[in-house]
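No lab work stands behind these numbers, since they all come straight from the coordinates. Quantities reported herein were computed from a predicted structural model and do not represent experimental measurements. Note: ideal-geometry Cβ built from the backbone for every residue, glycine included; neighbour counts use all protein chains shown.
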Amino acid sequence: MVFSSQLFLFWFLPAALLVYYLMPRRGRHLALTLLSYLFYGWANPLFVVLMFTSTVIDYVCGLFLARQHPAAWKKPVPLLPKYGPRTRGQRIALAVSICSNLLLLGLFKYFNFATGSYDALVSALGLTDLRLDLALRVTLPLGISFYTFQSMSYSIDVFRGEARAIRNFVDFACYVSMFPQLVAGPIIRFQEVADQLLTRTHTFEKFARGAAFISLGLAKKVVLANSCGKIADMAFGAAGVNFLDAWYGVFAYAFQIYFDFSGYSDMAIGLGLMLGFVFPKNFDSPYISQSITEFWRRWHVSLSTWLRDYLYIPLGGNRKGKLRTYVNLATVMLLGGLWHGASWRFVIWGGMHGAMLGVERAMGKQSVYRRLPGPLRMGVTFILVCFTWVFFRAETLGRATAYCRSMLGFGQPGPGSQLIAGVIYRPYYVLAMVAAAATVWLGPQTWDFTRRIPPWKAGLLLGVFAGSVVLLTTQAFNPFIYFIF
């Protein structure tokens, strides 16, 4: 079930809000948990079993970390000293939590990739007798990359003394399974919502702002992302494209992935506000960045800060010398690329960003083109990011390298390239690209636009929502890119 569907907007969401607000305050987390399980299990009920297993393991580990017995439910769970010593049992509990989550993530997300890579390697070495040739293929559960990271953050925060363990299992299950951000983020750390799970306000202002977030997020997805996505699909799906069409196609994909993911994040934040939760901003106008370092401060903020705080800093960060700093940075970006998808394309994408971040760090976190005027720095950064998006979007590594050759002017246009050009430059698609560019570089952020909603904004938002719904009913192309991650 996707947010940009009539099933969700006009059936599931109204029913969920009605059930949630009709429940007494003490029962709302149980209602939200069950509704979230229904939402998550809509595609495959077995996915719920997997998430529930992860939830139970981390809940029990959290109590062991706090050295509390589950039966002592009436006693408040103490906060561990922030930099105090930890017992062997606490370290084992943390290891069990982290290893179980990584095992689930590794098995369901990387099993096919690992066996396929192994077979390719032994075949290349001429050792065909050692091939596995497994017929078994593991289905990737929706959102497993997101909720395993969330669940791990709970155990780590409790271990570090940055959050209290939860004694109420329903509250913890609600945190892990909350449907607004369950399948495509943003990644909500436990410490960010721990207090809100205990007490939060439900106001008309929050609800209205949440509705505004949903309206704008839906418009980003339906009006801009889907239109740009059609251009990108035709360009990347062609046997070969010329220089201009290749750049036009990758610009379209850059807009598609941004509006697709930021639109989903806006809707997730809006749904959270309707339920009384305040989630952090996940995108901060990333395409106005003037360096790759700045880009990663603005793009998918919940992931980049998670990797920084739970991986880069524990590895040593920049505290163990220059060489170790660059190794840590490269490790984080390579793993960040692999987190996005089980393919060498994503590893290369992460490696390219890691290399650029390393060069900028060597120059004091400034770009090599820092002497250019601001608009040109922004343009160069956008072009560099777009070049790396090729490895993110192309279906195979071979297609990615062929597309890069076209972008550099060395490609061979396919026999149908003129037909493709006749479609992707139709007025509707050109207008969509212009609207996307204007929104990226001139439009206000959703976070700022919705701070105050006077009558004229309310009318505009209502019109935007109605127009998006009308357009939604006519579209057959409506994917969410990050659902596959």
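Relative contact order of segment 6-199, taken over Cα pairs closer than 8 Å and 6 or more residues apart, is 31 percent.
Only helices enter the 222 nm calculation for the chain: every DSSP H run of n ≥ 4 contributes -39,500 (n - 2.57), and dividing by all residues gives -20500 deg cm²/dmol, rounded to 500.
Which entries in K82/K322; K109/K322; K320/K365 show an alpha-carbon gap greater than 22 Å? Checking Cα-Cα distances, K82/K322; K109/K322 exceed 22 Å. Among A219, F207, G240, flag the residue with its Cα farthest along the positive direction of the charge dipole of segment 205-248, charges on Cβ as +1 for Lys/Arg and -1 for Asp/Glu. Positive-most Cα among the choices belongs to F207. Distance from the Cα centroid of segment 352-428 to that of segment 322-341 is 21 Å (rounded to whole angstrom).
Determine the dipole magnitude for the chain: charges of +1 sit on the beta-carbon of Lys and Arg, -1 on that of Asp and Glu, nothing else is charged, the reference point is the Cα centre, and the result goes in debye to the nearest 20.
Values: 44 positive and 20 negative charges, 315 e Å.
So the dipole magnitude of the chain works out to roughly 1520 debye.
By its C-alpha gyration tensor, with a ≥ b ≥ c as the square roots of the eigenvalues, how is segment 6-199 shaped: rounded for a/c under 1.5, else prolate for a/b larger than b/c, else oblate? Display every interim value, and only then the final one.
Numbers: a/c = 2.87, a/b = 1.32, b/c = 2.18.
Oblate.
In the chain, which whole DSSP H runs stretch at least 20 Å along their own axis (Cα) and average 0.0 or higher on the Kyte-Doolittle scale?
Numbers: long enough: 46-65 (29 Å, 2.09); 88-124 (45 Å, 0.79); 144-160 (24 Å, 0.32); 204-219 (23 Å, 0.89); 243-274 (46 Å, 0.82); 322-340 (27 Å, 0.61); 344-362 (27 Å, 0.41); 374-393 (28 Å, 1.33); 427-441 (21 Å, 1.43); 455-474 (29 Å, 1.41).
In the chain, the long hydrophobic H runs are 46-65, 88-124, 144-160, 204-219, 243-274, 322-340, 344-362, 374-393, 427-441, 455-474.
Charge tally around V440: other residues with Cβ under 14 Å, Lys/Arg +1 each, Asp/Glu -1 each, net 0. Amide H contacts for K281 (H built 1.01 Å from N in the peptide plane; partners 5 or more residues away or on another chain; cut-off under 5 Å): none found.
Once you sort the root eigenvalues of the Cα gyration tensor of segment 391-471 as a ≥ b ≥ c, which label holds: rounded (a/c under 1.5), prolate (a/b larger than b/c) or oblate (the other case)? Please list the in-between numbers first.
Values: a/c = 3.30, a/b = 2.27, b/c = 1.45.
Since a/c reaches 1.5 and a/b is larger than b/c, the shape of segment 391-471 is classed as prolate.
For K230, a cut-off of 23 angstrom between C-alpha atoms picks up these lysines, skipping any fewer than 8 places away in its own chain: K220, K221. Computed about its Cα centre, the charge dipole of segment 6-199 is approximately 860 debye, with only Lys, Arg, Asp and Glu carrying charge at their Cβ.
Once Lys and Arg get +1 and Asp and Glu get -1 on their Cβ, which of L103, P78, Q90 lies farthest toward the positive end of the dipole of segment 6-199? The one lying farthest along the dipole's positive direction is P78. Residue exposure proxy: K82, K457, K206, K221, ordered by other Cβ atoms within 10 angstrom of their Cβ from fewest to most, comes out as K82, K457, K206, K221.
Quick one: net charge around L121, please, counting Lys, Arg +1 and Asp, Glu -1 for every other residue with C-beta under 15 Å from its C-beta. Mind showing how you got there, number by number?
Numbers: positive: R131; negative: D119, D129, D133.
Around L121, the surrounding residues sum to -2.
If you compute Rg and Dmax of the Cα atoms in Å for the structure shown, which of (1) 23.4, 73; (2) 22.6, 66; (3) 23.5, 91 do you land on? Here Rg and Dmax of the Cα atoms in Å agrees with entry (1).
What does the charge add up to near V385, with Lys and Arg as +1, Asp and Glu as -1, over the other residues with Cβ less than 12 Å from its Cβ?
So the environment of V385 carries a net charge of 0.
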